[in-house]
1. Pull out a ≥ b ≥ c, the square roots of the eigenvalues of the alpha-carbon gyration tensor of the stretch 371-441, then state rounded if a/c is under 1.5, prolate if not and a/b is larger than b/c, and oblate in the remaining case.
2. Describe numerically, in nm with one decimal, the distance between label points set 7 Å from Cα along Cα→Cβ at residue 99 and at residue 412.
3. For the stretch 143-286, what does the alpha-carbon gyration tensor say about shape, rounded, prolate or oblate, given a ≥ b ≥ c as the root eigenvalues, a/c under 1.5 as rounded, and a/b over b/c as prolate?
4. Give the calculated FRET efficiency between residue 109 and residue 438 to the nearest 0.05, with a Förster radius of 41 Å applied to their Cβ-Cβ distance.
5. Expressed as a rounded percentage, what relative contact order does the stretch 277-398 have, with Cα pairs under 8 Å and six or more residues apart?
6. Mind ordering 416-429, 240-253 by average Cβ neighbours within 10 Å, highest first?
7. Between residue 47 and residue 26, what is the spin-label point distance in nm, taking each point 7 Å from the Cα along the Cα→C-beta axis?
8. Rounded to the nearest 500 deg cm²/dmol, what is the calculated helix-only ellipticity per residue at 222 nm for the chain, with -39500 (n - 2.57) per DSSP H run of length n ≥ 4?
C-alpha cells in the first residue's frame, strides 16, 4: 500500500449508499462497490486524504427500515433533505447492524476486498464501522444467543414500554440506549458484562480487521465499565463488573495481529483521555466543535493549548453525519474559519462528503441517496488551497507551537479574536492566523528568533498569494503585525 503516512492525517467520511447511488448514475445500475473505477478512489486521494471512512457498508436490518419508515420525525427530516424521497430511498440505520457482512445492495465481501485494494493503490487506508453497544433488534443473536443482551420480562415491558421489546422467540430484550436520550428503538442492547457477548464482539472485530485498516467505533464510551454499570444498573441483576475493560482486551487482541490497525472512538463526556489510555489512536473532539460553534475565541485557544499528548490524538471536525452541515451551522464565512482551525492543528482531521463543495442539506443516515446541490466553487477553491497547504512540510511533520497574540496597540482588545500557531522543522515555517470573530481584528505575533531563517523575513499567503516583507527586529521583537477581516485567515509560508 502506497499510503500517505502522517501522524496527523486527513480522513474523509463517505456514506457508502449515497456514494454508490452517485456511482450507479454515472456508470450504470449494475455497479458494485468492487467495480467502482479506480479513478474515483484516486480522485478522492488526490485531495489529500490519508484515510477513507466508508460509512454504512454492513448489512442493514429490515426491522430498522420498517421503524425508519414509521417515524414521523424522520419522515419530516427525509422531506427536508430529499423532497422527492420514496420508501425505496429509506435503507434503515447503518448503526442498527443486522450482520457484519457487506449489504447485498453494495456487493459482497469480494467486492469489499477489491474496493479496499483500489483504495490502497490510490494511497489511502480504509476505515469501517464497528458498533459495540448495540445491534439491530432483529439480529440473529437475539434468537441464538439471547444471553448476550440486556434482558427483561413482561413486567419490564409494562413499566418501560419504550425500553423493552419482545424479540423473536419470545425473549424480552432492551433496546440500545445512551443514558441521556430515549432508546434507539430499532436496536437491541448488548450486555458488555457478558463474557459470551465480549467474545462474540471480538470475533466480529477481528473479522472486520481482515478487510480494513481501522474502525470508527460508534459511541465507544457507552461500553466502558463505569458508564455501562451506571446506565444499566437496575437491569443487571447483580451481575459483577468485569475486572478488565472491553476495549483494553479488544484493542490489544486486534493489534497483536495487526499492530498498525487504527481505532477511532466516537466519544463524549470527558472520557476521551480514558479511551486513549485504553488504546484508541484517536478520539472525537466534540469539545472543539462546540467551542467553535458557541464560544469566544479565547476558549477555543485555551482548549487547543491543552495536554499535547491528548491533543495530537484528537479527531477534529466541523461536520459529520450526526451534525448539521458546516455551512448551515456556522454560516459560510465562519465555516471557512472553523475549517482552517480544524485542518491545521495537531490530530486527525475529519472531512465529510459534500463539505468541500459547500453542501447545506443534512441527510439522515437512513436515506440511501441525497439531494443534488449546487457546488459552491468558491468553497471548493478555499478547500483546495487549505488541503494543499496542509500537505506541505513542515505541516504535520514538524513541531507545532501555539502562539500568543499581543495587542497591536494599547487599548486594542481585538487581538483576543486572533488564533495563531505555527509548524516548524528547523528550516521552514508555516504560520496560521485566523480571525475567529465577526469584526476586523489586529494583533502582533512574536516568532521566536531561533526559528527565523533569512533576513529580512518574507511571508507569502497561500490563500491570497500576497507577499509580506518585514524586518527581523519587528517579527522577533514587538511581533509580526496582523490585520484580518471578519472570519478571515492567513496561511503563511516563511520564504527562505
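1. Numbers: a/c = 3.53, a/b = 1.19, b/c = 2.96.
Oblate.
2. About 6.7 nm, to one decimal.
3. Values: a/c = 2.03, a/b = 1.63, b/c = 1.25.
It comes out prolate by the Cα gyration axes.
4. Values: r = 51 Å, r/R0 = 1.24.
Once the sixth-power term is evaluated, E becomes 0.20.
5. Value for the stretch 277-398: 23 percent.
6. Values: 416-429: 20.4, 240-253: 15.7.
Per-residue Cβ counts within 10 Å, averaged per peptide and sorted highest first, yield 416-429, 240-253.
7. Between residue 47 and residue 26, the label points sit 1.1 nm apart.
8. Details: 17 runs with 156 residues, N = 496.
Calculated mean residue ellipticity at 222 nm is -9000 deg cm²/dmol.
Bear in mind these aren't lab numbers, they're just calculated from the coordinates by the rules spelled out. Everything quoted here is computed from the prediction, not taken from an experiment. Neighbour counts run over all protein chains shown; Cβ positions are idealised from the backbone, glycine included.
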